[in-house]
Amino acid sequence: MSVEQNIMSVDESVCFDIDLIRRYEGRGPRYTSYPTALQFSDSLTEEDYRQNALASNTSGVPLSVYVHIPFCHSLCYYCGCNKIVTHNQSRVSKYLENLYREIDMQAELFDRSRLVEQLHFGGGTPTYLDEPQLRDLMQKLGNAFSFDESDNRQFSIEVDPRTVDDDGIRLLTELGFNRLSLGIQDFDRVVQEAVNRRQTIAQVSSLLNASRDAGFKSISFDLIYGLPHQTVASFDKTLDTVINMRPDRLAVYNYAHLPQRFKGQRMINADDIPAPETKLEILDRTIHRLAKAGYIYIGMDHFALPEDELVAARRDGSLQRNFQGYSTHRQCDLVGVGVSSISSIGNVYSQNSVTTMEYEKLLEDGRLPVRKGIAVDDDDLVRADVIQSLMCYDQLLFDDFDATHDVEFRTYFAAELDRLQPLIDDELIDVNAEGIRIRPKGRLLLRNIAMIFDRYINDRQTDNRFSKAI
Ligand code: SF4
């Protein structure tokens, strides 16, 4: 099993086995980090963050900056994001004032020689900001950090199609963005009404054309299955439209109905949510239709056309899973600014305050808004690498692993290897003398496989803080 062979297997079709999926169905982490955010604690202080950030300059690795804009004009009932639905501009101004403070304080910690190769605006709705606000924010970031000015940089933004017109798309290019994702979810009007998010095919089509004309690369669509009133036939129609539009990437998420956690979801009538069998059928159809249309399954809800950089990153070893899902530029330190943003610098994860009130108060007091985090230990690092390998590359080679770590895989993970036996019996994975390889049946159950290597897992099959695996 060589890396080359694994590249060949990228376009193997995913095997959808409904009985297996039902058997493994349960809640589990999405492993956008390991340890997951549940392990973050307030024992990591603001001073720890500062010292770690300063020390990271010796590595000289480039930076990836994430900016959280929490505002939205209206509530999409399914939403589980950290957002504020408001029309109050003074709230936005106050937030931006504090965000600017944070940007200055954060930038002081990093050497100017460290280029920002990746920038991502997420939310909420980053395009909630109007033109002057977006211009100011980009200028602020550009002054505080050193932007990579080469073609290599990836500056991306999440776009709510209801908030941007074709001129808005051109503005985003002018500001330096070269990647974007459009929140589609579903084109069906009945579904859109039921989740309070109305947008037309014409609107999206026009933005897509404007984005292509403006030179955006890697245009991505987000879809959600499991929304109220969705049927196999209705979602098929949405897929017809999407496949016809041919975005470079697609993220197709499972709607997790957790009304006890997310108040807005109480607006959704649970009886209108498709039955589990319907959801699985929708997923099955989606996977097959996208494969037929030429999309490659990257893993965990993500699909990309063969020419897309995610596929290239999978090939050259620079693919990673992080807080934005799958991403390239694995080598960067991630600096998150804004309410609830997560940073990953060296071996330390940290998260900002999750309430705007606390976030703003700390900054007004001259403090960084870091509230919790974790300094990962040697065991975490080893396990994180195993989970990254399996989730990004569908394999782990023992020799490669042993050459890069101080431990010998088969000895260190002897207990985990034993626990993999049922997954081997179910044909989710192969384990042989060379390593572990995910089989087509296992590709939809990546998190179930990764959970075997998670030392913090403690009966999370029933832990409702996690979404369901499928
Ligand atoms: S889905 Fe996006 S636009 Fe809708 S409420 Fe959530 S963050 Fe706001």
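Here, each number is a calculation from the coordinates, and none is a lab measurement. Computed from a predicted structure; not experimentally measured. Here the Cβ is made from the backbone with ideal geometry for all residues, glycine too, and neighbour counts use every protein chain on show.
Summary table below
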read-out: Between the range 33-81 and the range 199-267, the Cα center-to-center distance that results, in Å; value: 26 Å
read-out: Under 5 Å, built H, 5+ apart or other chain: amide partners of residue 439; value: 429, 430
read-out: Long-range HN-HN contacts of residue 154 with modeled amide H, under 5 Å; value: 118, 119
read-out: Count, lysine Cα pairs under 24 Å in the chain, 8 or more residues apart or across chains; value: 21
read-out: Residue-averaged 222 nm ellipticity for the chain, from DSSP H runs of 4+ at -39500 (n - 2.57), nearest 500; value: -11000 deg cm²/dmol
read-out: Order of 19, 385, 111 under a 10 Å beta carbon neighbour criterion, fewest first; value: 19, 111, 385
read-out: The range 173-262 - Rg and Dmax from Cα coordinates, angstrom; value: 14.1, 44
read-out: Considering only the chain, percent of DSSP beta bridges that pair antiparallel, nearest 5; value: 45 percent
read-out: Nitroxide proxy distance, nm - points 7 Å out along Cα→Cβ at residue 405 and residue 457; value: 1.5 nm
read-out: Charge sum, other residues only, whose C-beta stays under 13 Å from residue 335's C-beta, Lys/Arg counted +1 and Asp/Glu -1; value: -4
read-out: Ratio of the Cα radius of gyration of the range 122-273 to 2.2 N^0.38 Å, where N counts its residues; value: 1.14
read-out: Local electrostatic count, residue 391, Cβ distance below 14 Å [Lys/Arg +1, Asp/Glu -1]; value: +4
read-out: C-alpha center-to-center spacing [the range 126-154, the range 297-358] in angstrom; value: 19 Å
read-out: Tail fraction, Cα-Cα pairs, the chain, threshold 42 Å, whole percent; value: 12 percent
read-out: Label point distance in nm, residue 166-residue 316, each placed 7 Å from Cα along Cα→Cβ; value: 3.5 nm
read-out: Normalised contact order of the chain, rounded percent, pairs of Cα under 8 Å and 6 or more residues apart; value: 24 percent
read-out: Cα Rg, Dmax (largest Cα-Cα span) when computed across the range 163-205, Å; value: 12.6, 37
read-out: Isotropic mean projected area of the C-alpha convex hull, the range 311-461 (nm²); value: 10.7 nm²
read-out: Ranked 206, 64, criterion: other C-beta atoms within 10 Å, fewest first; value: 206, 64
read-out: Per residue Cα convex hull volume in Å³ - calculated over the range 339-400; value: 90 Å³
read-out: Per-residue ³J(HN,Hα) for the range 60-65, Karplus 6.51 cos²θ - 1.76 cosθ + 1.60, θ = phi - 60°, Hz, x for Gly and Pro; value: x, 5, x, 10, 10, 10
read-out: Low-density loop cleavage sites - chymotrypsin sites (Phe, Trp or Tyr not before Pro) in the range 36-84, where at most 13 other Cβ are within 10 Å (DSSP); value: none
read-out: Fraction of the pair-distance distribution of the range 133-212 above 21 Å, Cα-Cα pairs, percent; value: 38 percent
read-out: Normalised contact order of the range 87-240, rounded percent, pairs of Cα under 8 Å and 6 or more residues apart; value: 22 percent
read-out: Cα lying deepest toward the dipole's positive end in the range 257-343, options 287, 312, 338, charges on Cβ; value: 338
read-out: Per DSSP, loop GluC sites (Glu not before Pro) in the range 90-192 with at most 15 further Cβ within 10 Å; value: 108, 149
read-out: ³J(HN,Hα) computed for each position of the range 137-143 - Karplus, 6.51 cos²θ - 1.76 cosθ + 1.60, integer Hz, glycine/proline x; value: 5, 5, 5, 4, 5, x, 6
read-out: Likely footprinting exposure, 344, 90, 59, fewest C-beta neighbours within 10 Å first; value: 90, 59, 344
read-out: Inter-label distance for residue 93 and residue 254, nm, one decimal - labels placed 7 Å from Cα along Cα-to-Cβ; value: 4.6 nm
